[in-house]
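*Asks:* What follows is a single structure, and I will ask about it in a moment.
The values are calculated or read from the model by the stated rules, or taken from the named source; none is laboratory data. Every value quoted in this text rests on a predicted model; they were computed, and no experiment measured them. Neighbour counts are summed over all protein chains in view; Cβ atoms, including those assigned to glycine, are modelled from backbone coordinates with ideal geometry.
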């Protein structure tokens, strides 16, 4: 059974073997908003691959289409033309329900705005995806403890977002994104609201996660300094991707 069939039918997807196929593959992807003379061509025939265990940074100025690209890879949007494949699955073949399932099981998201629930503690925010999947409470507590140790926040487990610094909140957001053990981590300007030093620490954390857990990461940023930690650096401009030296 292929991954595409697994997600389409609801069966458990078989893990892809490293080296056999990229985890993410975009072929000839375009995304156009509107029509006619007022149409906005956010992406123009983009080709992209992300290998298993690879950290890919997409650079580009504000409005260059980075968020559009990440939304397509994460199944939050659908392309106007072209093919998006994630974990062996052609996202264009999936119903909205199956897209939700793929996002829940295979993809973790980290956003610029953190997106934490303000009345939940750091531990409760990190474990939220496991609550949504009805994970056994004991297993959930164990996993949350692992995650908070990974991001260096064991001593802040009971603090709510308002009691944490911006960098600490983003680390909680990363822990939450990793809770369900995704194969792909998507981060959209994860350091945009942070100072330069804190932003670099967050990027180093993402590098550590990729190296230790073997997951893939696709990170959009406008900060050229963060690209130094990537395996692959791409520049997005006028809806097109150019490969740069990492």
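*Asks:* Could you list, in sequence order, the residues of segment 88-112 that are in a helix (DSSP H, G or I) and farther than 30 Å from residue 62 by Cβ?
*Replies:* First, pick out the residues of segment 88-112 that are in a helix (DSSP H, G or I): 91-93, 96-106.
Within segment 88-112, 93, 97, 98, 101, 105 qualify.
*Asks:* Please work out which one of (1) within 22 Å of residue 131 (Cα to Cα); (2) without any contact (Cβ under 8 Å) to a residue 12 or more places away in the chain; (3) in contact with a strand residue (DSSP E or B) (Cβ under 6 Å, 6 or more places away or on another chain) is the condition residue 186 fails and give its number.
*Replies:* (2)
*Asks:* Which of (1) in a helix (DSSP H, G or I); (2) at pLDDT 95 or above; (3) more than 21 Å from residue 187 (Cβ to Cβ) does residue 144 not meet, given it meets every other one?
*Replies:* (3)
*Asks:* Then there's this: Test residue 219 against the stated conditions and say whether it is out of contact with any helix residue (DSSP H, G or I) (no Cβ under 6 Å at 6 or more places or on another chain), buried (at least 20 other Cβ atoms within 10 Å of the Cβ) and part of a helix (DSSP H, G or I). Reasoning before the result, please.
*Replies:* Details: out of contact with any helix residue (DSSP H, G or I) (no Cβ under 6 Å at 6 or more places or on another chain): yes; buried (at least 20 other Cβ atoms within 10 Å of the Cβ): yes; part of a helix (DSSP H, G or I): no.
Spelling it out, it is not the case that residue 219 is out of contact with any helix residue (DSSP H, G or I) (no Cβ under 6 Å at 6 or more places or on another chain), buried (at least 20 other Cβ atoms within 10 Å of the Cβ) and part of a helix (DSSP H, G or I).
*Asks:* Could I ask something else about it? Keeping to segment 25-72, report how many residues are assigned to a helix (DSSP H, G or I) and surrounded by 13 or more Cβ atoms within 10 Å (Cβ to Cβ).
*Replies:* Of segment 25-72, the ones assigned to a helix (DSSP H, G or I) are 36-38, 66-72.
Still in the list and also surrounded by 13 or more Cβ atoms within 10 Å (Cβ to Cβ): 66-72.
Result for segment 25-72: 7.
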